1. Tell me which residues, restricted to region 13-34, are touching a residue at least 60 places away in the same chain (Cβ under 8 Å) and buried (at least 17 other Cβ atoms within 10 Å of the Cβ).
2. Out of the residues in region 99-117 meeting the condition of being surrounded by fewer than 16 Cβ atoms within 10 Å (Cβ to Cβ) and among the polar types (S, T, N, Q), tell me which one is modelled with the lowest pLDDT.
3. How about region 118-146: which of its residues are of a type outside the set (A, V, I, L, M), more than 18 Å from Gln52 (Cβ to Cβ), modelled with pLDDT of 70 or more and surrounded by 20 or more Cβ atoms within 10 Å (Cβ to Cβ)?
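The values are calculated or read from the model by the stated rules, or taken from the named source; none is laboratory data. Computed from a prediction, not measured in an experiment: that's the story for all the values here. Cβ placement follows ideal geometry from the backbone for every residue including glycine, while neighbour counts extend to all protein chains displayed.
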Amino acid sequence: MFAWHRLQLGYPFTQVQHSFAAGPAAWIPDLIEEPSGRFLCTISANFGGHLQRRAELGIGQVESGEGWLSVPISWRAAEADVLFPVFAGEVHATRLPGGHTELALFGSYQPPLGAVGELVDRAVMHRVADQALAALLARVCERVAPLAGDPAPIALERMREDLEARTKAPASASKARARRGP
C-alpha cells in the first residue's frame, strides 16, 4: 500500500540540507544507535487511542542535487510484532520559492496478516498508517527546525493543525488522498 505525507517548512533548503548532512541523529527523533549498528526509533499514531511501537530503521545514504535531497528509509517492528507493517520509502526535501522547503515522506508498506490484513487496511488501518507518517514527519521537522536556527512557529503550527485534521478526517477523505497521490 502506498502512503505519503508532505509539509512546507518556513526555512531555506540549505538549512535542511545541513541537518541531513549532520547524520540521522540530527533529524530522526529519539534515534538510538545500538552498539551493533542497529538504529531504533518510535513510530506512533493517534487514532482512537495512542498507538506506539519501537521500530528498527534502515537508513540509506543522502543523495542530493541542485535544490533537492533524498534519503531511503525503512522500518519494521524491533520486537516480534505481527501486527506492525513493514515500510520502505524515502524522505525527500525540495527547495521552494521564497526561501521555503518542502519535506516529504513517502513509500509503501505491507499490511500485516496477509489478505485479512489488506481488508482491515482498506477499511481502517490505512488512515493509521497515514497518520503515523504525518506524525513522524512532523517530529522530523521539529528536530530540523532548531538546527535551522529558526523554529518556524507558523510552519510547525500548520503541521499540527494538518495532523489534527487528518486524524479527524472521514475515511472517504483518506481514500481520496490515497488515490490522488502526492
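1. Phe13, Gln15, Val16, Gln17, Ser19, Phe20, Trp27, Ile28
2. Taking the candidates together, the pick is Gln110.
3. Cys141
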